[in-house]
Structures are given as C-alpha cells and as structure tokens.
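Quick notes on the structure that follows.
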Amino acid sequence: MSDDGNTLVWSDVLGRQRRGGSWADLAVGTAPRIEAALHASDFAAVNRLTDFFLVEARVIYDLYAQWQRDIRRFLDAKLPDPQSLAVRIRAIEELVTRHHSILTVGREAAWQSINEAAQRLKSEHAGRDFAQMRDHWRALHDGEVDFIGGLMDIVIRELGEAALGEMYEDWLLGEWFRQRYVRFDVSKVPWSDAFELIVYLTFESMHGHMSGPERDGTVTYEEFEDRVTVTFAPCGSGGRMLVGEPRDQLAPLTEPPFGYRVLQEPHAFAWNTRGVCAYCAHCCVLTEKMPIEHFGYPVRVVDPPTYPNEGNAVCRWTVYRKPEYVPEHVYARLGARKPPAGAQLGSAGFAGRAPGKSSL
C-alpha cells in the first residue's frame, strides 16, 4: 500500500479533513490502513487515521440517528394506532438487540465505547484496542441498519410499497438533497470538481459502512475513459441485509427471524426493479431520481443487489466523467428521458419545473 494513503488533506468543500492518496489508495478501507500502520510502528499514522476512522463512522452514526427520528415521525403521522406501532417497534428493538448485543447499552453508550477504544489505541498502540474499535463500530453499525430496516418493513407492510417513496422524498432525503447536493449541480459547480468529489465520497462512505467481503471498508474500483466504477460485495448496509453476516451467524434479513420484505412491484424510486430491499431504494432516490428531476442527470448510477440471489449481493456505483455520458437506459429504467444533446443541464436549465415533475 502506498504511504500516500495514510495522509489527510484539508477539503474546503467538506469543511474538514479527508483522506489523501490516489483512488487505488482510497479503495483500501481506513481500518486496514490503521492495522498496517500498527504493524509498521508508524504511530503518527495510527493516530491520525484513528481520528479519521471516527470521522467516517460519525457521519454514518449521525445519519442513522436522523433516519430513525424521521421514519418514526412518518409512521406516527400515517398510522392511526400509536400503541400498536409502539408494540411493533419494541419487537424490532428486541430482535435487533438479541443479535447485536452491543445495543443493549444503548446507541450513545455503544458509540462512547468505540471512542474510548480509539483513545486507548492512540495512547497504547495495541492491537486489542484497534480490534475493539473496529469490531464495535461494525456491530453498532449493523445493529442500526437492521433496526432501520425493521422500521422500513413496517412502512411497506402497513402503508404499501408506494409509501416508501413518499417517506424517502418528503421525510428523509429532501432536506439532505437541498443542502448537500448543490455541490453536484453544474449550474453552480464545474462538473470536473463535482466528479472528483463524488468519487471520493463514494470511497469514504464505503469505509464508514465497513463494506466489502472482509467488512473492513475495502472495495474494488475500475477506471474507464468515460466513467469510474466502484464495486462491493456486499456493501455494509443494504447488500449485507440481502446476504446475511456469517460473523454474527445471521441469515439474510429477508429470512427468519427478521423476515423483512423486498419490493414486489416496480417503482421509479427503486429502479423499477423487483427484489430491491427497502433500504437500498434510498440510493435510487438520492443519487438518480431527485438529481434527474432537479438537474437533468443522475450524479451517481447504482446497480443494486436484489433478492433472491446466489449469496453474492454485488452492488456497483458508477460516476460518469461528464453528465452527457450517462446512457439512455439509466434514465429509461426510471421512466425518464435523457435530455437531448445540447440541453442546458443543472438547476438553471430546470428552473420553474415543479420538484418531482421534471422528467419522471
């Protein structure tokens, strides 16, 4: 591994540090970078990468806190019987806690234990502390995913599959899109800058989700003349839900004891593809559907895993070097049309169109 992958650099766009190095360096998760630095006795690298491991994890931790609040608000607003809903949610909590014991102390205390292990690692540089930090974050992360998956299962069972799209666009992702995705609007940012940022954040998010077959954040990437693709089998969230986690003796969450449903009907918010899990659909909404409606192009193209599968839930994310390079079939699978050659892209080109009505 290149030593460049152990560096941190300042990002004005993100307002914080980010990992440096090439994309090949970034394809390696932060956790194995820390482990390699420990073995090399490069304790300066251990310390700064440990801090950054917490940054990557905290992004996910805070996002999941928001999602739990917002999904509950959605369910409270839509379901008439709060007592019955509370019973359903408690049953999910008990099931998740049974399989992810770290959550018995509560998510805040679990997060604190991860921080304490990180501080011990920085002071003692001991492998046991590294393993505890890494493994406790994976356990907390997976428990959070499984709980959120249960809340989404309530949505589609009680309100129907179409309600999932409303939940995402109007309750979970709308404000996130308005605040964050301006960075990918060619009316405001050159696509060359947006492209670099999207590719970087693709790697960083997979580090935080502890994606890849070793669950250490390491993924596969390929560069082409017109695009970059990043592949993971599984991602640490939706993909893992569809294949299970042998480290926890956990079958796919579509099977007992969880029994979460996948989408049985085609929906534009889930690539019009059957077998997509409720969690995975957010990638379609956030990176394809909403950007097409507001900017005229997807910012990232996702080919998701589905269920049933052969135990290998492969997900591929593609970022095109120019929006014009996105193929027609990417639009068509959402029921949209690719803008004609020469059309003005970005929010300026789509001014005056009602959100959600532009091309879908």
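Quick look at the values:
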| item | result |
| --- | --- |
| Pairs where the first residue, in region 134-150, is in contact (Cβ under 8 Å) with a residue 24 or more places away in the chain and the second is part of a helix (DSSP H, G or I) and among the acidic types (Asp, Glu), C-beta under 7 Å, 6+ apart | Phe147/Glu93 |
| Breaking point among (1) assigned to a strand (DSSP E or B); (2) modelled with pLDDT under 95; (3) polar (S, T, N, Q), for Thr318 | (2) |
| Cβ-Cβ under 9 Å pairs, at least 6 apart or on other chains, region 185-207 side farther than 18 Å from Leu286 by Cβ and touching a residue at least 40 places away in the same chain (Cβ under 8 Å), far side small (Gly, Ala, Ser) and assigned to a helix (DSSP H, G or I) | His207/Ala31; His207/Ala57 |
| First in region 160-175 and over 15 Å from Pro291 (Cα atoms), second anywhere and part of a helix (DSSP H, G or I) and basic (Lys, Arg), Cβ under 8 Å, 6 or more apart | Ala163/Lys78; Trp171/Arg73 |
| Residue within region 281-289 that is assigned to a loop (DSSP other than H, G, I, E, B) and either out of contact with any strand residue (DSSP E or B) (no Cβ under 8 Å at 6 or more places or on another chain) or closer than 17 Å to Ile60 by Cβ (or both) present | no |
| Residue within region 214-226 that is polar (S, T, N, Q), in contact with a strand residue (DSSP E or B) (Cβ under 9 Å, 6 or more places away or on another chain) and buried (at least 23 other Cβ atoms within 10 Å of the Cβ) present | no |
| Qualifying residue in region 55-74 (condition: among the hydroxyl-bearing types (Ser, Thr, Tyr), closer than 30 Å to Gly259 by Cα and either assigned to a helix (DSSP H, G or I) or touching a residue at least 12 places away in the same chain (Cβ under 8 Å) (or both)) | yes |
| Test: residue in region 131-145 that is under 30 Å from Thr273 (Cβ atoms), acidic (Asp, Glu) and in contact with a helix residue (DSSP H, G or I) (Cβ under 8 Å, 6 or more places away or on another chain) | yes |
| Helices (runs of 4 or more DSSP H) fully within region 114-208 counting 1 or more residues that are within 30 Å of Leu79 (Cβ to Cβ) | 127-159, 162-166, 174-180 |
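The values are calculated or read from the model by the stated rules, or taken from the named source; none is laboratory data. Note that the structure is predicted; figures quoted are calculated from it, not measured. Because the Cβ atoms are built from the backbone with ideal geometry, glycine has one as well, and the counts that use them run over all protein chains shown.
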